[in-house]
Amino acid sequence: MSHEVRSTPPTLASTISSRIQELDLSVSDFAARCRLDPKIATAFIDGRTKVPASLVGAIAKALDMAPAVLMRRLVADYMPEVDKALSAVPVCKEMTRLTR
């Protein structure tokens, strides 16, 4: 009997948190780069507060990441129906493959 192991795509919060660790940034450094209050930055990192789509660009720049990766995570986390619909579109299938 074989069990298929499905990996769960990373969440937006886990992606942000992992990248902060990779860059060896403190929460204060991350917040300053994004021009955010450290309490709000912490809430985004912990996943307690949704990241507004309008901040994806600033966060991506602060973390030296492609905004598309973070936006795709945002859509997957906050709008699963839209993510599913986008995943069915051929050009978006390739984007999904590249950003997960």
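With a cut-off of 12 Å between beta carbons, the residues surrounding Ala31 carry a summed charge of +1, where Lys and Arg count +1 and Asp and Glu -1.
With each label modelled as a point 7 angstrom along the Cα→C-beta vector, the Asp46-Glu22 pair spans 2.5 nm.
None of the figures in this text is laboratory data; all of them are computed from the coordinates on show. Note that this is a predicted model, so its numbers are computed, not measured. For neighbour counting, all protein chains shown are included, and Cβ atoms are generated from backbone atoms with ideal geometry for every residue, glycine included.
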